[in-house]
Amino acid sequence: MTGAFILNAWTGSTWKRSHPNSSTHPTGRCWGTRPPARQLGQRASRAPTLPQSAPAARTLRNCAAPSGAREPARWKDTVALFAQLSPERTVDHLLEGLRRNQTAPMAPNRDEGIEALYAFASFDVWTINNEFFGRKMDLGQFERFKRVLQLEPYVALLQHRSRTVLSALRTSDDAYQCRVQVTSCSGHSCVFAFFLSRQHLARNLPHAATDSNTTEYSWLVDRILCEVDADCE
C-alpha cells in the first residue's frame, strides 16, 4: 500500500499514504490538495466581528450607566424628542406623562410624568420667587415641585381621565400658548393654560445634558396656570 493514492469520495480530494515510519508527516500521511483539518475547522468556526474602533451607541443624555449597561429610557427622554418638533406635541406628551404617572413606591417608572415636566420647565432653580404655577414659590428642588402637583388644583393633572385642547395660539415663531380642559380621576373638570417658548437647552437647562449632534433648540414650558373653576376649588 506504500505510495498508493486514495480518493476521498466526499470532498473529491486526494492524498498519498506513505509508510508509517515516514518522516514526512507525524501521522504518516502526505497531504495533497486537501488542507489540514485544523485550518478547515478554523475557517468554519470563524464568526464576523465588529471592528474594535466601532463607536458605542449614544443615549439621549450622552452618558452611560455606571455598570456599562445602557440606562433605561425615561418618559422625559420621549418628551425630549417631540420637544424639538412642535409645541403641540410637547404639551400632549407632557400631559400624557402626567396621566400615566405612577406613585407606587416600588414602581420602576415612579413619578416619570412629574419628572418630565420638571425637566422641561423653564425657570431658574436658584431663584426662590418662581412664578411657574402663577404665584411666587421656591421650586428649585424636585420634591417641592412635585408637592405642588400633588395639591389642588394641579393634582387634577395626575392620572386624569381625559383632556381636550380648547384653544391654541402661536403668538410668534418662538412662543405658543393653549388652553386644555382636563377631567380628573375623580370626575372634576379643570381648565389649564400652558405657555411655552422655544429656547436653547444649554443656556436655559444647565442640568439637562444634550448631544452636540442633535438640535440645540427645544420647546420649554414657561408657566402653567389653572383658570378659576368651581369644580377645581
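Backbone amide hydrogens, once placed in the peptide plane, bring Q102 within less than 5 Å of D111, E112, G113, excluding anything fewer than 5 places away on its chain.
Restricting to segment 75-226, what percent of DSSP beta bridges are antiparallel, rounded to 5?
Just about 95 percent of them are antiparallel.
The 3J(HN,Hα) values that the Karplus relation (6.51, -1.76, 1.60; θ = phi - 60°) gives for segment 182-199 are, in residue order, 10, 9, 6, 5, 8, x, 7, 10, 9, 10, 10, 9, 10, 10, 10, 9, 8, 9 Hz. Gly and Pro appear as x.
All other residues whose Cβ lies under 11 angstrom from that of A116 are scored, Lys and Arg at +1 and Asp and Glu at -1, for a net of -2. Taking label points 7 Å from Cα along the Cα-to-Cβ direction, E96 and T78 give a separation of 0.6 nm.
Each residue, S162 and R110, gets one label point 7 Å from its Cα in the Cβ direction; the gap between the two is 3.3 nm. Once the C-beta distance of R144 and L85 is scaled by a Förster radius of 22 Å, the resulting FRET efficiency is 0.15 to the nearest 0.05.
Only the coordinates and a few stated rules stand behind these numbers; no lab work does. Values in this document were obtained by computation on a predicted structure and should not be read as measured data. Counting neighbours? That spans all protein chains shown, and the Cβs are built from the backbone with ideal geometry, glycine included.
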